[in-house]
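Student: This is the structure I want to talk about, given as structure tokens.
Just so it is clear, none of the values below were taken in a lab; they were calculated from the coordinates. Nothing here was measured: the structure is a model prediction, and the numbers come from that model. Note that we place each Cβ from the backbone using ideal geometry, even for glycine, and neighbour counts take in every protein chain shown.
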Amino acid sequence: MINYCELQINTQQAENILFNLFNIKGHASALPGEVDFNFRIKIAHEEGYILKISRPDENENYLDFQQKLLQYCEAQGNNLIAPKVVADINGNAISEIIDDYGNKRKVRLLSWVSGRVWSNVNPQLDNLRYSLGEQCGLLTKTLQGFNHKEAHREFEWDIAQSLWTNQYINLFNGKEKKILSAFQNKFEDKLNAYSKLRKCVVHNDANDNNVIVSEDLLNPVVKAAIDYGDAIHTQIINDLAIACAYAIMKHNDPLEASLPIVKGYHSTFPLQEKELDHLHIAIAMRLVISVTKSAINKIKEPDNKYLLISEKSAWEVLKKWHLISDEYAGYSFRKACGFIAHPNENKFKNFAKNTSFKLSDLFPSIGINEIQAIDLSVSSKWIGHQEDFNDLELFEFKINRLQKTVPNRIIAGGYLEPRILYTSQAYNKVGNRGTENRNIHLGIDFWLPYNTPVCAVLDGKIAMAINNNGDKEYGGLVILEHYTESLTFYSLYGHLDVESATQHKIGDHIKKGEIIGKLGSYPENGNWVPHLHFQIMLSLLDYETDFPGVAYFSQLEVWKSICPDPNLLFKLKPLKPKNTISNSDLINYRKEHLGKSLSLQYKIPIKMVRGNGQYLIDQYGKKYLDTVNNVAHVGHENYNVVKAGQQQMALLNTNSRYLHENINALAKELIETLPPELNVLHFVNSGSEANELAIRMVKAATGERDIIASEIGYHGNSNMCIDMSSYKFDGKGGKGAPEHTHIFPLPDAFRGKYRGENTADKYAEEVQKQIDIVHKKGRGVGAFIIEPIISCGGQVELPEGFLAKAYKKVRAAGGLCISDEVQVGCGRLGKTFWGFQLHNVTPDIVTIGKPLGNGHPLAAVACTQEVANKFANGMEYFNTFGGNPVSCAIGAEVLKTVKRDNLQQNALNLGEFLKAEFKKLAKEFPIIGDVRGQGLFLGIELVDANLNPLAAQTDYLANRMKDYGILMSTDGPDHNVLKIKPPIIFTQENAEELILYLTKIFKEDFMLSK
């Protein structure tokens, strides 16, 4: 046996061989390879080559096969990129050398296909995987008609010959051995049908080191497959299986990851339905070969690391692949190729169309055949707040009350409804796009009294009869199997009384009209008010003791084919799916009829229909972790806040000219949080109104109208607020600062005019310069307004000591000091309740907005008695809605919630955790130039090595985070700051999830490219 070290060729030898045989000078670098010794040849200003040097015992006919195949591709492949054969100085496609040990070695030179190797591309998203399938299918299409005797050789990497792995099964044990045996047995069981599938010569090795991807970092596509050494005449489906087997590695949901590849392959080389029936097992068998070869090669060549390179990833996929139903995978592949997911779906629809069932067949003791549709979807107003729905006594009361209004109808509904009612972790998984919730209802619910008999609607046989109470999904469960001339299907009856459901035995025959069971009561029916869950299935898949009643939205198209609408049997008109307005229609209407300056978040906007705590939920029930909505201060639709508003709204809502205790209660809650000097309040509807009123107070108190404000400051959308908001008038559409507005440089110690430590004096002097400008014009200073952390400037923390110095200078000039707390107030900053308290100052006026109403339009202005007295100059201040009882009830509850639930401390704890984690990320990813902010009001600024802003990367990151169900936003004058300001009920788990996916995306190619 030749020693492995004697086989090797070093780079200098490779360069000499290249020159001697091809008269080409180039720089060689070694590439991985299982059989050949491969070298990348670089030549200045050229694409270069790949030099392939065989082992001494290489079969020349096999090499001739590869060269002929490449030449065939060059001749036949329209739009196909493939390596081209380069002849040596004597015109030979295959050359020969004698190595230093006297061994004959074959040499080939191929053109280099430029690009990135698949394994080096991150992320590998759906579009990229689709293009992989496209290119592999195009190659197979090109190879139609090519043949060679070596294409019919014995080859261990051929899936069709994969049963050789059986003889090595004892190299494994435990779970691994069980998984391998299961797939080997399945493959053998289907071998007869598999052997009859279409065959041709295929590439057979589109692994992660043999696929070349374009250099485009934002929209990469597969350019070509290289290394044709494993090409063989085999079942065509094997080629697709191999492409899938490697490209689905490192994905949480490998089946979902495979579907774009299948779809892409089918687009260039149409697949047959019967081929798709074998794809799941074929993918598995390629992985079985891989791990078996690795186990063998650990013994044969322990020093050859390439042979072990994919073993770990292959096992990870195999263990996940083993959990996927072969049938379900087949249906998913069919749908990806445009076929009906379940081949019997149309047969069932025809059966249902030509038969007639009544509800009285299902519930003969009730004798009612009409229904009252009920909406339990995520956007349902009927179910109200989620907390209300979770109150089963209240839900039962509402059902009973509805039933009284329609005594001659059965309350029913639910098919394909996206619901938020399934809150157990059993309904969640971490998929390829973050957390997914299993929430699409696959059956119809019929709400009827406990103990109502349920009967079979047609003859059948018991397929399951179990107590499923432990799962809390069904309670007692019965599944019947039904036969027609050309169709087998199943009906499921869930939430039955356990005793009545389990009286049946598997295989018992049930006649139409025979009682299956009785409706169960809470809690044995799965923690639900009594009702029947009725579902149709065209397959039981691999389920033996259960069957899902809800599905993931991402799998909806497959599941609704497996579980067609049960109403096809009953034809109840009110249960027809309701028409919903598409997102594109909503967008088009907005464009036509809403203000042209209104913008939408994200390149692909989201329709939100419900909020719940720190989450926003779209119309499909997908939950998005909200890291930017500081308006929902104590959580979206906080139950206590909602109730406070509802209860007061049911009593009275009027203006503040009448006495009412709510306005005093809110005032008391606010004043408790403020310094004693700030003890007079005016209530308004928004932060803009608050700042507008503050300026009116300034004019009344000082007689001046000149305002000093920060560069990139934003204080609202009213005329006066825009006039002092540099963020607006210095931006697009703006016309610069008005006469009475004076802007000093953004006090940013990271990238501002003055940088580093000890910049407070310099920025305070900039404020003084504006004071001097006002005085030179013969006028006095009205006010100085600033946020304690400048939000639109990019969450900019003020330099230590700056605010106190600026306040001192402004007051010396006779001006008032306004702290704009609209963004940062109400405990968000953790260390202090209000932002100005971070700086040990007390302003003359504080403006409060967004968080105070938790989404309800409520804001306030707090000021000193002196300012209030001067403002009360005889001109009445009145605001129709400011201080109304409903708004005040809501505001008081928000403040009580912050205090009662210790949310200021929560903001402090999580803010410190996040800030520390962001700083760790900054060490790993240098484009994080600065981490700043306090509590749950943080900013991450992205810059290059020269502190130039990286707006494109920031935008990319925010949009990619949305793909994982996390909402983020960008800010700053250069749009290069990620802002983090979530509801302050944010949890440690939320914070860790945020860090997890930020880390993941920072590792992606575009983020690393700078």
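Student: Positive end of the charge dipole of the range 55-182 (Lys, Arg +1 and Asp, Glu -1 on Cβ, about the Cα centre): tell me which of 63, 161, 182 has its Cα farthest that way.
Tutor: 182
Student: Right, another one. Could you give the length gained on full extension between residue 952 and residue 899, defined as 0.36 nm per residue of separation minus the Cα-Cα distance, in nm?
Tutor: Details: separation 53, 0.36 × 53 = 19.08 nm, distance 4.00 nm.
Difference between extended and current length: 15.1 nm.
Student: Something else about it: Let me know the charge dipole size of the range 777-886 about its Cα centre in debye, to the nearest 20, where only the beta-carbon of Lys, Arg (+1) and Asp, Glu (-1) is charged.
Tutor: Details: 10 positive and 8 negative charges, 68 e Å.
So the magnitude is around 320 debye.
Student: Out of the trypsin sites (Lys or Arg not before Pro) in the range 693-732, which ones are loop residues according to DSSP with at most 12 other C-beta atoms within 10 Å? Present the calculation step by step, with values, prior to reporting the outcome.
Tutor: On the way: sites: 696, 699, 705, 728, 732; in loops: 705, 732.
Passing both the DSSP loop test and the Cβ count: 732.
Student: In addition: Full extension from residue 43 to residue 757: what is 0.36 nm times the residue separation minus their Cα-Cα distance, to one decimal in nm?
Tutor: Values: separation 714, 0.36 × 714 = 257.04 nm, distance 5.03 nm.
Between residue 43 and residue 757, full extension yields an extra 252.0 nm.
Student: Taking the Cα centre of the range 360-512 as origin, work out the dipole magnitude from +1 charges on Lys and Arg Cβ and -1 charges on Asp and Glu Cβ, in debye rounded to 20.
Tutor: Details: 14 positive and 19 negative charges, 36 e Å.
That gives the range 360-512 a dipole magnitude of about 180 debye.
Student: Could you give each residue of the range 343-359 its phi-based ³J(HN,Hα) in whole Hz, using Karplus coefficients 6.51, -1.76, 1.60 with θ = phi - 60°, and x for Gly or Pro?
Tutor: Each residue's phi maps through the Karplus curve to give x, 9, 4, 5, 4, 5, 4, 5, 4, 5, 5, 9, 10, 9, 10, 10, 4 Hz.
Student: What is the Cα radius of gyration of the range 116-336 over 2.2 N^0.38 Å, N being its residue count? Could you put the intermediate results ahead of the total?
Tutor: On the way: Rg = 16.3 Å, N = 221, 2.2 N^0.38 = 17.1 Å.
Normalised Cα radius of gyration, the range 116-336: 0.95.
Student: A further question on this structure: Set the Förster distance to 45 Å, then compute FRET efficiency between residue 668 and residue 604 from the Cβ-Cβ distance, nearest 0.05.
Tutor: Values: r = 46 Å, r/R0 = 1.02.
E(calc), rounded to 0.05, equals 0.45.
Student: In square nanometres, what is one fourth of the surface area of the convex hull spanned by the alpha carbons of the range 308-443?
Tutor: Numbers: hull surface 51.6 nm².
Result: a mean projected hull area of 12.9 nm².
Student: Now for a separate question. Classify the range 481-523 from the C-alpha gyration tensor, please: rounded if a/c falls under 1.5, else prolate or oblate depending on whether a/b exceeds b/c. Please list the in-between numbers first.
Tutor: Working: a/c = 2.63, a/b = 2.07, b/c = 1.27.
Because a/c hits 1.5 or more and a/b exceeds b/c, the range 481-523 counts as prolate.
Student: Give me a comma-separated list of calculated 3J(HN,Hα) values for the range 428-441, in order, Karplus coefficients 6.51, -1.76, 1.60 applied at θ = phi - 60°, integers in Hz, x for any Gly or Pro.
Tutor: Values, residue by residue: 10, 8, 9, x, 6, 10, x, 6, 10, 10, 7, 9, 8, 6 Hz.
Student: What order do you get for 968-976, 790-798 when each peptide is scored by the mean count of other beta carbon atoms within 10 Å, highest first? The partial results should precede the final answer.
Tutor: Details: 968-976: 21.4, 790-798: 25.9.
Those peptides, ordered most packed to least, come out 790-798, 968-976.
Student: Of the options 442, 847, 721, report the single residue whose Cα projects farthest towards the positive end of the charge dipole of the chain (beta-carbon charges: Lys, Arg +1; Asp, Glu -1).
Tutor: 721
Student: Let me ask you something else. For the range 338-444, state which chymotrypsin sites (Phe, Trp or Tyr not before Pro) are in a DSSP loop and have at most 13 other beta carbons lying within 10 Å of their beta carbon. Spell out each step's value before the answer.
Tutor: On the way: sites: 339, 348, 351, 357, 382, 389, 395, 397, 415, 422, 427; in loops: 339, 357, 382, 415, 422.
In loop regions of the range 338-444 (DSSP not H, G, I, E or B), the sparsely surrounded chymotrypsin sites (Phe, Trp or Tyr not before Pro) are 382.
Student: May I pose another question? Which percent, nearest 5, of DSSP beta bridges in the range 646-900 are antiparallel? Please list the in-between numbers first.
Tutor: On the way: 11 of 27 bridges.
Looking only at bridges with both residues in the range 646-900, the antiparallel portion is about 40 percent.
Student: Considering only the other residues whose Cβ falls under 15 Å of the Cβ of residue 656, what net charge follows from Lys and Arg at +1 and Asp and Glu at -1? Please report the intermediate quantities before stating the final value.
Tutor: Details: positive: 657; negative: 661, 689, 876.
Residues close to residue 656 contribute a combined charge of -2.
Student: Next question, about the same structure. In straight Cα distance, which aspartates and glutamates are under 12 Å from residue 899, not counting same-chain residues fewer than 8 positions off?
Tutor: 669, 672
Student: Counting only residues 5 or more places away or on other chains, whose amide H sits under 5 Å from the amide H of residue 441 once H atoms are built in the peptide plane?
Tutor: Correct list: 416, 417, 419, 551.
Student: Turning to a different aspect of this structure: Would you work out which of 589, 313, 673 lies farthest towards the positive end of the dipole of the chain? Charges go on Cβ: Lys and Arg +1, Asp and Glu -1.
Tutor: Working it through, the farthest residue towards the positive pole turns out to be 589.
Student: Residue by residue, what Karplus-based ³J(HN,Hα) values in Hz, rounded to whole numbers, does the range 927-944 have, using 6.51, -1.76 and 1.60 with θ = phi - 60° and x for Gly and Pro?
Tutor: So the J values, rounded to whole Hz, are 5, 7, x, 8, 10, 8, x, 9, x, 9, 9, 10, x, 10, 9, 9, 9, 8.
Student: What does the charge count near residue 315 come to, summing +1 for each Lys or Arg and -1 for each Asp or Glu among other residues with Cβ under 11 Å from its Cβ? Working shown, then result.
Tutor: Values: positive: 175, 312, 319, 320; negative: 176, 311, 316.
Charge balance near residue 315 sits at +1.
Student: Determine the gain in length on full extension of the stretch residue 301-residue 57; use 0.36 nm per residue of separation and subtract their C-alpha separation, reporting nm with one decimal.
Tutor: On the way: separation 244, 0.36 × 244 = 87.84 nm, distance 1.69 nm.
Length difference between fully extended and current span is 86.2 nm.
Student: Reachable aspartates and glutamates from residue 353, Cα under 16 Å, same-chain residues fewer than 8 places away excluded?
Tutor: 345, 485, 565
Student: List the pair-distance distribution P(r) of the range 646-900, using every Cα-Cα distance, as the percent of pairs falling in each 5 Å bin from 0 up to the bin containing the longest distance, rounded to whole percents.
Tutor: Pair shares across the bins are 1, 6, 14, 18, 20, 16, 12, 7, 4, 2, 1, 0.
Student: Hey, got the dipole for the chain? About the Cα centre, +1 on K and R Cβ, -1 on D and E Cβ, debye to the nearest 20?
Tutor: 1540
Student: Using 7 Å Cα-to-Cβ label points, what is the residue 975/residue 435 separation (nm, one decimal)?
Tutor: The two pseudo-label positions are separated by 3.1 nm.
Student: With each pseudo-label sitting 7 Å past Cα toward Cβ, what's the residue 487-residue 544 distance in nm, one decimal?
Tutor: 2.9
Student: For residue 167 paired with residue 385, estimate the spin-label separation in nm (one decimal), with each label point 7 Å from Cα along the Cα-to-Cβ line.
Tutor: Result: 7.1 nm between the two label points.
Student: Okay, next question. At most 12 other Cβ atoms within 10 Å and a DSSP loop assignment: could you name the trypsin sites (Lys or Arg not before Pro) in the range 131-194 that fit? Could you put the intermediate results ahead of the total?
Tutor: Details: sites: 141, 149, 153, 175, 177, 178, 186, 190; in loops: 153, 190.
Filter output for the range 131-194: empty list.
Student: With respect to the cross-link table entries 979/1003; 699/728; 668/809, which display a Cα-Cα separation exceeding 24 Å? Don't jump to the answer; show the numbers that get you there.
Tutor: Details: 979/1003 20 Å; 699/728 22 Å; 668/809 32 Å.
Where the Cα-Cα span goes over 24 Å, the pairs concerned are 668/809.
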